[in-house]
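The values are calculated or read from the model by the stated rules, or taken from the named source; none is laboratory data. Keep in mind the model is a prediction, meaning the values are calculated, not measured. Counting neighbours? That spans all protein chains shown, and the Cβs are built from the backbone with ideal geometry, glycine included. The protein model used for the area step is the full one, side chains on, heavy atoms only, and it has no ligands, DNA or RNA in it. Shrake-Rupley method; radii C 1.70, N 1.55, O 1.52, S 1.80 Å.
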Amino acid sequence: MEVLFVLIGLMLLTVIVMAVGDKLGLPWPALLTILTAVAVSVYATFSNGTFEFAVPADLILPIFLPPLLWALARRTSWGVIREQWMTILALSVLLVVATTLAVGFTARAFMPGLGLAAAILIGAAIAPPDPVAVEAVAEPAGIPRRIISVLQIEGLFNDAASIVAFHLALEAVTSSGEMHAGEAVTRFLYSAAVAAILGLVVGRVSSWFVGAVHEVVARNALTWVIPFAVYIAAEELGASGVIAVVIAAVELHSRAPIQAEDRLSGQSFWETVELLFTGVAFGLIGLTVFSAIDAAGADLWHAVIIGVILSVVAFLVRLVWMYAFYLINRRRGKPRLAPLRLQEVLLMTWSGMRGLVTLALVLSVPSGLSFYNELTVIALVVLLMTMVIPGLLLPWLMRQLDLTTYSQAATDKMRATITSRARK
């Protein structure tokens, strides 16, 4: 009953905080995280105890990632993916690897006795920006659609590289073994290839089913079941559930004969699912704060300092990488790419927000490891530094940056107006 009470409370709080954030012009996920963290801390203080609520770590990703990834992936298409293939390679794979190594070696320098595998584990958990966090914060802040599209494509695929590296490092840490670069590359290629094939098959079969069934409710219900099914199937095959869900969503929505009724009901359904799942996910982040601080004990401030340092390292790596990507995009000369200006380099660096994936990976680390308590605090500090603070300051940053030139701002506004009229 306690679990049900907390989940219902988080969903109700999500609706309220979203309305408040809209009135204040602030990103509601960041407000929700702060509010739940403060509420739990106040409750624990006045009750002279602790507030212990936790979803099993091995269930966090399978419960939250499939529907949220599906909700994001259904908005893209094969044409966008083909156009953004360099973004996927440069930002979703290579940037994740670079951030993992930079953060990992920095953690090893400031945490005496930390082995190489444990350092890579920490780096892999912190490396991937969360597509859910970016989507929830970026669009309300008024970021141009072209830049949001690039951030979404990056976020849809970057979890795959980080999760593979994380699990390899975790296996090495728990078995006192060593990590090998060749094994990591082989595992990633196998994971991506099998997941892509599985996603294509499931998406193709599902599109046939959608075309054969005339009941709109059944068609929408199918899109609810598929993300969980394909994610679990991919994980059982040792492949990437992230890639499988994304590919299945794109394939289904590219091939299925979607009617107007499907679009209207399906969009309303998935917007509601995305809102509630996002709210519960960010609420869970806030709920872990007090217990993590309590468990850290004397190591608290050391972990806080390390978390700040690792956040700065991740930010600087992303800044340098985005600048290099900006130089490449200028040579390519395609107006739909991003970043195309130095202001966009800063904006896209600022939007590298960590979120649910980082927390879930950290919570899946066995509690018996010597650095577990510090690692939880480090992860929460990273979330504060890379998601909460940047999310709250993003509207201010947008007002300071001149993005009216080459930003397609007028096109974005006109598209929104036309879409609103069409729905009416």
Checklist entry - If we keep just the residues of the range 164-185 that are open to solvent by 40 Å² or more (accessible area, probe 1.4 Å) and either closer than 26 Å to Phe228 by Cα or at pLDDT 90 or above (or both), which is nearest to the chain's Cα centre (by Cα)? => result His167
Next on the checklist: I'd like the residue in the range 1-39 that is out of contact with any helix residue (DSSP H, G or I) (no Cβ under 6 Å at 6 or more places or on another chain) and open to solvent by less than 50 Å² (accessible area, probe 1.4 Å) and, out of all such residues, is nearest to Trp396 (Cα to Cα).
Outcome noted: Leu13
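In the range 228-249, what residues are aliphatic (A, V, I, L, M), open to solvent by less than 10 Å² (accessible area, probe 1.4 Å) and under 11 Å from Leu69 (Cβ atoms)?
Val230, Val242, Ala244, Val245, Val246, Ala248, Ala249
Listed here are the residues, each with its yes/no results for (1) in contact (Cβ under 8 Å) with a residue 24 or more places away in the chain; (2) open to solvent by 10 Å² or more (accessible area, probe 1.4 Å); (3) closer than 21 Å to Phe110 by Cα.
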{"position": "Thr349", "(1), (2), (3)": "yes, no, no"}
{"position": "Val365", "(1), (2), (3)": "yes, no, yes"}
{"position": "Leu369", "(1), (2), (3)": "yes, yes, yes"}
{"position": "Glu374", "(1), (2), (3)": "yes, yes, yes"}
{"position": "Met387", "(1), (2), (3)": "yes, no, no"}
Checklist entry - Taking the condition in contact with a helix residue (DSSP H, G or I) (Cβ under 6 Å, 6 or more places away or on another chain) and open to solvent by 70 Å² or more (accessible area, probe 1.4 Å), does Arg255 pass? => result yes
Next on the checklist: List the helices (runs of 4 or more DSSP H) inside the range 280-397, counting only whole elements, that have at least 3 residues being within 29 Å of Leu114 (Cβ to Cβ) and modelled with pLDDT of 85 or more.
Outcome noted: 300-332, 356-363, 372-383
Item to check | Residues within the range 96-130 that are of a type outside the set (A, V, I, L, M) and in contact (Cβ under 8 Å) with a residue 60 or more places away in the chain, tallied | outcome: 8
Next on the checklist: Given the condition out of contact with any Asp or Glu (no Cβ under 9 Å at 6 or more places or on another chain), in contact (Cβ under 8 Å) with a residue 24 or more places away in the chain, among the aliphatic types (A, V, I, L, M) and open to solvent by less than 40 Å² (accessible area, probe 1.4 Å), answer yes or no: does some residue in the range 317-325 qualify?
Outcome noted: yes
Next on the checklist: Every residue in the range 194-215 that is open to solvent by 50 Å² or more (accessible area, probe 1.4 Å) and not in a loop (DSSP other than H, G, I, E, B), please.
Outcome noted: Ile197, Leu200, Val201, Arg204, Val205, Trp208, Phe209, Ala212
Next on the checklist: The conditions are (1) at pLDDT 90 or above; (2) more than 18 Å from Ala248 (Cβ to Cβ), and Ala193 fails exactly one of them. Which is it?
Outcome noted: (2)
Checklist entry - Could we say that Ala218 is among the small types (Gly, Ala, Ser), closer than 23 Å to Ile81 by Cβ and open to solvent by 10 Å² or more (accessible area, probe 1.4 Å) here? => result no
